[in-house]
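Report on the structure given below.
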Amino acid sequence: MLRSLRFGEADRVLHLYTLGRGRVGAMAKGIRKTRSRFGARLEPLSHVQIALHLGRGELATVTGVDLVRSHQAARDDPYRLGVGLAGAEAMLKLFQEEEANERAFLALARFLDLADDVPRRATEPRLDPLALAFQLKLLWLAGYLPHLESCTECGADAALVAYSPRAGGAVCRSCARDDAIPLSPAGLQGIWGLLRRPLAEAGDAPLGERGSREALRLIVASHEFHGGFRLRTLAR
């Protein structure tokens with residue numbers, strides 16, 4: 001479950017990402033009542049098997065829930081929670097259609113499993129290698145994979161010095177324009193490492209503090225250019 005919003009006196013509107021249908025909105029009636037049979041199982045970041053009644057409206061109605069993984073460990077720790085919520089919000093914004101995407105679903109499930117045990121590896125959750133790696137892979141799955149092997153504008157193998165959201169990749173000094181985001185060699189190598197490594201090995205990418213912030217700027221710029229949004233979880 002990606003997000004839960006209060007509705008009325010006792011209900012909640014849920015934003016779900018499902019294996020079979022992609023993004024789905026659902027109403028959980030009476031979930032905020034003390035005796036609700038669903039409440040404890042429908043927390044943000046939870047992995048559940050859910051039964052839905054599809055009516056005529058935009059929202060389905062929750063009729064049954066079985067817990068697969070609670071991910072309580074991620075919710076109980078502020079740092080892990082920050083990592084998990086950053087990934088959930090990115091999923092929410094990048095995959096808004098009711099269209100199945102098995103690779104995106106499996107990536108989300110794997111990310112949440114890893115978030116349960118992620119150690120504190122950065123000064124703040126939004127700079128954590130797992131959070132950055134997952135968001136880069138989501139850009140890839142959404143069709144916005146950053147091109148980082150050669151200059152996106154001229155194709156040269158010359159030293160790459162910046163990232164251009166408009167061009168969708170790294171650029172050399174000759175092609176870098178005012179809207180390009182500067183990238184250090186270490187930052188470029190670290191970002192490329194996050195893209196190539198499995199999520200479980202994100203912490204092995206050669207990022208460092210500077211590389212992490214450059215990766216974050218690349219992600220934010222890609223969201224703004226391709227999707228027209230900013231993530232609250234990535235704000236300062």
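The values are calculated or read from the model by the stated rules, or taken from the named source; none is laboratory data. Everything quoted here is computed from the prediction, not taken from an experiment. Note that we place each Cβ from the backbone using ideal geometry, even for glycine, and neighbour counts take in every protein chain shown.
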Inset, instruction - Determine whether segment 173-194 contains at least one residue that is crowded, with 20+ Cβ neighbours inside 10 Å and either charged (D, E, K, R) or assigned to a strand (DSSP E or B) (or both). - result: no
Legend entry - strands (runs of 3 or more DSSP E) wholly inside segment 1-70 that include at least 2 residues being closer than 20 Å to A100 by Cα: 11-18, 22-28, 47-53, 60-69
Inset, instruction - Taking R3 as meeting all but one of (1) closer than 22 Å to Q135 by Cβ; (2) of a type in the set (D, E, K, R); (3) at pLDDT 90 or above, write down the number of the exception. - result: (3)
Inset, instruction - Test Y163 against the criterion of being at pLDDT below 95, in a loop (DSSP other than H, G, I, E, B) and either outside the structural domain of G227 (by TED's automatic domain parsing) or in contact with a helix residue (DSSP H, G or I) (Cβ under 7 Å, 6 or more places away or on another chain) (or both), and give yes or no. - result: no
Inset, instruction - Could you tell me whether R103 is under 23 Å from G227 (Cα atoms), touching a Phe, Trp or Tyr at 6+ places or on another chain (Cβ under 8 Å) and basic (K, R)? - result: no
Legend entry - Residues of segment 154-174 classified as more than 20 Å from A215 (Cα to Cα) and of a type outside the set (S, T, N, Q), total: 5
Inset, instruction - Would you please name the residue that is modelled with the lowest pLDDT, looking only at residues in segment 33-54 that are surrounded by fewer than 16 Cβ atoms within 10 Å (Cβ to Cβ) and in contact with a helix residue (DSSP H, G or I) (Cβ under 7 Å, 6 or more places away or on another chain)? - result: E43
Legend entry - Of residues in segment 204-236 being assigned to a loop (DSSP other than H, G, I, E, B) and without any contact (Cβ under 8 Å) to a residue 24 or more places away in the chain, the one surrounded by the fewest Cβ atoms within 10 Å (Cβ to Cβ): R236
Legend entry - Y163, sole failed condition from (1) under 11 Å from the mean Cα position of the chain (by Cα); (2) crowded, with 22+ Cβ neighbours inside 10 Å; (3) of a type outside the set (K, R); (4) under 22 Å from H226 (Cβ atoms): (1)
Inset, instruction - Could you please find all residues in segment 106-145 being surrounded by 15 or more Cβ atoms within 10 Å (Cβ to Cβ) and over 20 Å from T233 (Cβ atoms)? - result: L145
Inset, instruction - Check F95, F105 and return the single one that is aromatic (F, W, Y) and out of contact with any helix residue (DSSP H, G or I) (no Cβ under 8 Å at 6 or more places or on another chain). - result: F105
